[in-house]
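The values are calculated or read from the model by the stated rules, or taken from the named source; none is laboratory data. It should be emphasised that the depicted structure is a prediction, and the values quoted were computed from it without experimental measurement. Neighbour counts are summed over all protein chains in view; Cβ atoms, including those assigned to glycine, are modelled from backbone coordinates with ideal geometry.
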Amino acid sequence: MSSERTDFERLSETPGSRVGEAPQRAPARRRERGRQIAAAVLGALITAFALLNLDDVKVHWLLATGRTPLILVIAVAFLFGVVVDRLVIRARRKRQG
């Protein structure tokens, strides 16, 4: 047997694909492109939001009170929300599995 591919194999592969690798389907590429566009739009909105919220605000932290840029307060609240979300998802998965 030759290691040479048949004509059918050469015709059926997509440009840029490797031998033995399943070609990526059009819906998967479209979905990936949609995710990239959504990420770019979300990044632009977050950047605009950050630039509009640079004023200092009085914040009562757990141990002290001080003036802090509003964007920092928003970022800390966002990160806290992400951590809580991850912990809740982890707890649900442990209970289910």
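The figures follow:
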| read-out | value |
| --- | --- |
| Residue list for segment 31-86, restricted to those being under 19 Å from the mean Cα position of the chain (by Cα) and polar (S, T, N, Q) | Gln36, Thr47 |
| Contacts under 6 angstrom Cβ, first residue in segment 69-97 being part of a strand (DSSP E or B), partner modelled with pLDDT of 90 or more, 6 or more apart | Pro69/Asp56 |
